């Protein structure tokens, strides 16, 4: 795995010839902070990055916070099919930790909140997170276009725990009273077909969304940051160049059982320290 970052003061020669420096597993680009590079420059830099990674037989990348802002450069990286660690997978894993963080920060009463999951493709992580939420909160809705996939879960929880699960797709009622909405995989146009509570906190895992409703005054959370209580995350981030969430996600073997992943997160004392919304932070 390699790290890609900008440089504080690239020389004129470095910028003219698009010189890329390699320092151990760091790829340092002649890009200054808060300066967006051109399409041509981005293309040339990615070509050179590709040569480095091809020689190293590596495909996995972590990019700095500043490089993430270079959308053209990032898009060119994706054309080479690099695996760019972005914290989205970990975002999904940490759903219940994020819920606890919101409830504490916003001083919400557990008995009064209604949580809705928007999900069509059910995987093990989502399923386990839903199960965990059902045990903690009284009112949990699952909004989906594929309710048949959840019939088994409905029966299991009703038989084993006596907990009824509300699986729905009612566009007028599903989200109208939900304080917290967790969007797993609904695209923007789908969400805007639903009646949404004016002050809802929406956590959108994969896609950045925008609510068209004029009276909507809630938060739309698209990003987050973490701290690791046990040991340091990495010596690479002493200057806060990279996102902690990206570094930590890269450490985890994703194909291990969900229980092992959560056990590692607990052992490492991972803590949500910030939720980043379109209109502010929580």
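Observations
- Selected residue [modelled with pLDDT of 95 or more, farther than 30 Å from residue 8 by Cβ, touching a strand residue (DSSP E or B) at 6+ places or on another chain (Cβ under 9 Å) and assigned by TED's automatic domain parsing to the domain that holds residue 109] from 203, 209: 203
- Qualifying positions in the stretch 3-54 - over 26 Å from the mean Cα position of the chain (by Cα) and touching a residue at least 40 places away in the same chain (Cβ under 8 Å): 52
- With respect to (1) under 20 Å from residue 278 (Cα atoms); (2) crowded, with 19+ Cβ neighbours inside 10 Å; (3) at pLDDT below 90, the lone exception for residue 186 is condition (3).
- Qualifying positions in the stretch 128-145 - crowded, with 21+ Cβ neighbours inside 10 Å and either outside the structural domain of residue 175 (by TED's automatic domain parsing) or within 21 Å of the chain's Cα centre (by Cα) (or both): 129, 130, 142, 143, 144
- Matching option when the condition is touching a strand residue (DSSP E or B) at 6+ places or on another chain (Cβ under 9 Å), within 28 Å of residue 264 (Cα to Cα) and touching a residue at least 12 places away in the same chain (Cβ under 8 Å), among 118, 127: 118
- Residue satisfying all of: in the stretch 236-282; in contact with a strand residue (DSSP E or B) (Cβ under 9 Å, 6 or more places away or on another chain) and free of Cβ contacts under 8 Å to residues at least 40 places away in the same chain; nearest to residue 200 (Cα to Cα) among these: 281
- If you go through the stretch 22-54 and keep only what is assigned to a helix (DSSP H, G or I) and surrounded by 14 or more Cβ atoms within 10 Å (Cβ to Cβ), you end up with 41, 42, 43, 44, 45, 46, 48, 49, 50, 52, 53.
- Members of the stretch 169-196 that are under 18 Å from residue 133 (Cβ atoms) and either over 25 Å from the mean Cα position of the chain (by Cα) or part of a loop (DSSP other than H, G, I, E, B) (or both): 174, 175, 177, 178, 179, 184, 185, 186
- The set of residues from the stretch 99-120 being closer than 21 Å to residue 223 by Cβ and out of contact with any helix residue (DSSP H, G or I) (no Cβ under 8 Å at 6 or more places or on another chain) comprises 100, 101, 102, 104, 105, 106, 116.
- Only listed residue being crowded, with 20+ Cβ neighbours inside 10 Å and either modelled with pLDDT under 95 or farther than 22 Å from residue 188 by Cα (or both), chosen from 77, 90: 77
- Unmet criterion (only one of (1) at pLDDT 90 or above; (2) loosely packed, with under 11 Cβ neighbours inside 10 Å; (3) part of a loop (DSSP other than H, G, I, E, B)) for residue 214: (1)
The values are calculated or read from the model by the stated rules, or taken from the named source; none is laboratory data. Just so you know, these numbers come straight off a predicted model, no measurement behind them. Virtual Cβ from ideal backbone geometry, glycine too; neighbours counted across all protein chains shown.
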